[in-house]
Structure formats: structure tokens, C-alpha cells
Amino acid sequence: MKNLISIGLIIIASHFNSCGIKTEETKPVKKDVTEMVFASGILEAKNTYKLTAQTDGYIIKLNFNEGDVIEAGNIVAEVNNQENQFNTESAAALFTIAENNTKANAPAIAQANNALTLAKQKLESDSIQLKRYKTLFSKKSVSQLELENQTLQYNTTKANYISALENFKLVKQQAEQQLISSNASQNISKTLFSNNKIKASVSGRIYEKFKQPGDYVKRGEVIATIGNADELYAKVNIDENNISKIKIGQEAIIQLNTTKEKTYKGRVTEILPSFDIASQSFLCKIEFLDKLDFKIAGTQLQSNIVIGKHKGALLIPRNFLDFDDKVTLINKSKVSVKTGFIGKDWIQIKSGIDDNTKLITENLSINKGVTSEVGATIK
């Protein structure tokens, strides 16, 4: 895949020994050029995720093997964590007690209700008594002091009734709050206990299996890798010199290392937004446009991403260009040129010379059969 540049460029090998210096002569040619960025990578299943343990304990059951296809919600593994079971039982018992404490015959509520009933009866009695004293006072049958004492008694009883009523409300509220708290604790305990049974969150194929029954796992440890059973894409590495050339929608040609005699068409669908420290490169995803007949995740591959097409591009061998972007004419004068893409062996000339210009060079070394990360196919 890297040997991309092939051109029917005729180099006029006119070697001559002027002053003992060998030179080579050529003329630029016009060819159609497809510019590409080379990127290696691997096959990866879509929607790949790590199945992890949600609690600590020993694995007592694994319900899958590598290659199995599982459905979302299926129990794929079980972990023995007795602490979660004990906590669930304890939380259920405490919830029952809290629920009973909210009933009318619960000890605290019954006691507060009895106190409220007595306070209400006392208030009703003192209210009647106060009315009686007011009538007697109007007939001058009781003194002012006796009326004031009865009024004070009524106000005291009324305050006690209000206090008993507030206490009754408080006792009920506390019982209800305890019920809500116990219910939450019970639900949390049930959730933690359910974590002993590990379920697949998304349907897919088991691509890697990392644990066996009897293994001790901690919460967060990976048990298996799961991905889409049918759809795979190419995840490739792009170096920092070329990532700016990659755009969503660009065509790509992909070759699996397992079947190098076959290529697949693809299209860039995603450029990951961060630099990958592990591979020291940028990552992008290429979806297959051709049907993929080899579906093993992790398969290594090579790809060439098309970053440009040039019709009738003017080309010269790279060794005819000096480092200061000048070429040497047949009369040995120097001419500045503007370049386009630069491959390992060939350079596109945008201006400065044409296909009738004769060039010479003293740099006779040309690296054949090797390309840089940016290459081109030339027709």
C-alpha cells in the first residue's frame, strides 16, 4: 500500500562530464495525480464497550465465551458479594419497621394522638367554664379576680393544645421521613445487590474475555469487551504532520494485513477530538463502503486516505528541486518555482516552468520504491 507512486516518466539520461561533474537531464510531464495520506490501524467493532464488575467479590459464574452474541439485559456474569445480600436484608427489615411506625396504632403516633385528644378535651372544658364565668361576672356573681383566673386557665389550656397538636404533626412527619429514608436505603441496597449479577447494557459480540470463574474482581475491573456483532470500522493513526489534511467524507482505500491481495473502499466518518498519548498520533474512523468479509476485531490494516486529486499536474523528479525551491535549466541558470504536493520521489510544480522546460541536476540519487506518509498515485 505504501508503494503508491508509479509514473511513466522518461528521464533523459544525458550524463556528461563537464568539469568532471555528472549531470542528468529531464523535462516535466503532465499527469493525473491522486494525493493520499497513509495510515495504519486496526479493525474495531462499532459501539465497543467494556463490561466491568460493579462490585467486589469472586466470580462464581460466567455465561459467555469469546465470540458469543449476547442481548442487552442478559445476565452474563455473577459475583459473590455476601455483604450486599446482608445489607439488602437489613434494609428490608428496617423499611418494614419504618412503615409500621407511620400507622395510627404505632406507639409514638398513638401516644402523641392521646396527648392531643386529652388536650383538646381540656380545652373544650375550660372554654365552657370561661363562658360560664363571663355570664356570672356580668351578673356580679363572681369577682374580677375569679374571671381573670379562669381566663388564664383557658389560655394555658389552649397553649397546651396547640403544643400537643404540633407535637402530633412532628411525630407523624418524623415517621414519614424515616419511611422515605428507609425506602431509599432499601432501594440502594437492592441496586447494590443486583450488581452481583452483571448484565450486558448493549447487545453485541464478546470480542475479548479477561476473567474466569473463581477470579476475584474489584469494582470497575474489565471482564469482557463487547461490540457490534456485524458492523466494524477501521480505526487508523494519523501523525501530527498530516492530521490537518484529513477531512470528514474523504475517500479511503483499505487493505487488511490478513488479505493483502484485496482492498476495500471506505470513507472517513470521524476524527477523534484529542491526541492519543499511547500511540502518539491522532485517531480517525473510516467506515467500509464495500462489504467486509473478514470480521475479526483487532485485525491490523493499512489505509490510504485520498486528500486531493490533480488533473494534469506538472511533475518533476524530486532530486531536480533544490532546497531553496529552485530548479536548474539546461543553460545552468536557476529558476524559482512554486510547488504543490511533495512526495518521496516526485514533486508537483504549480508555476515557474512548463512541460517544455529542460532541466538538469547534479543530484543523481533518486529513492525508488519508497514513499513518505503522504503519497500519490500518478496515471
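The residue list L329, L315 contains one member that is in contact (Cβ under 8 Å) with a residue 24 or more places away in the chain and more than 23 Å from N242 (Cβ to Cβ), which is L329. Scanning the range 340-362 for residues that are under 13 Å from P28 (Cα atoms), free of Cβ contacts under 8 Å to residues at least 40 places away in the same chain and of a type outside the set (G, A, S) turns up I347, K350. Taking the criterion of being under 37 Å from the mean Cα position of the chain (by Cα) and either surrounded by 13 or more Cβ atoms within 10 Å (Cβ to Cβ) or of a type in the set (A, V, I, L, M) (or both), would at least one residue in the range 94-103 satisfy it? Within the range 94-103, not a single residue is under 37 Å from the mean Cα position of the chain (by Cα) and either surrounded by 13 or more Cβ atoms within 10 Å (Cβ to Cβ) or of a type in the set (A, V, I, L, M) (or both).
With respect to K295, is the statement that it is basic (K, R) and either in a loop (DSSP other than H, G, I, E, B) or touching a Leu at 6+ places or on another chain (Cβ under 7 Å) (or both) true? Against the criterion (basic (K, R) and either in a loop (DSSP other than H, G, I, E, B) or touching a Leu at 6+ places or on another chain (Cβ under 7 Å) (or both)), K295 qualifies. On the given criteria, is V171 under 28 Å from A106 (Cα atoms) and surrounded by 14 or more Cβ atoms within 10 Å (Cβ to Cβ)? Yes: the conditions hold for V171.
Being in a strand (DSSP E or B), in the same structural domain as I246 (by TED's automatic domain parsing), in contact with a Leu (Cβ under 6 Å, 6 or more places away or on another chain) and not aromatic (F, W, Y) narrows it down to one of I360, I349, so name that one. Show your work before the answer.
On the way: I360 fails: in contact with a Leu (Cβ under 6 Å, 6 or more places away or on another chain).
Only one candidate passes the filter, namely I349.
Would it be correct to say that E240 is more than 23 Å from E208 (Cα to Cα) and exposed (fewer than 13 other Cβ atoms within 10 Å of the Cβ)?
yes
Looking at L147, is it within 49 Å of the chain's Cα centre (by Cα) and either assigned to a helix (DSSP H, G or I) or in contact (Cβ under 8 Å) with a residue 40 or more places away in the chain (or both)? So L147 does not fit the description; no. Considering the range 264-282, and only residues there that are within 13 Å of I305 (Cβ to Cβ) and either among the hydrophobic types (A, V, I, L, M, F, W, C) or outside any strand (DSSP E or B) (or both), the residue that is farthest from the chain's Cα centre (by Cα) turns out to be V268.
For the range 322-349: of the residues being polar (S, T, N, Q) and within 24 Å of M36 (Cα to Cα), which is surrounded by the fewest Cβ atoms within 10 Å (Cβ to Cβ)?
Initially, the range 322-349 is screened for residues polar (S, T, N, Q), giving 328, 331, 333, 336, 339, 348.
Filter again for within 24 Å of M36 (Cα to Cα), leaving 339, 348.
Numbers: T339: 15, Q348: 23.
Among them, the one singled out is T339.
Restricting attention to the range 227-263, the residues being touching an Asp or Glu at 6+ places or on another chain (Cβ under 8 Å), part of a strand (DSSP E or B) and farther than 25 Å from I206 by Cβ number 1. Answer with yes or no whether S127 is without any contact (Cβ under 8 Å) to a residue 60 or more places away in the chain, more than 30 Å from I206 (Cα to Cα) and not hydrophobic (A, V, I, L, M, F, W, C). Criteria met by S127.
The values are calculated or read from the model by the stated rules, or taken from the named source; none is laboratory data. Note that this is a predicted model, so its numbers are computed, not measured. FYI the Cβ positions are ideal-geometry reconstructions off the backbone, even for glycines, and counts take in every protein chain you see.
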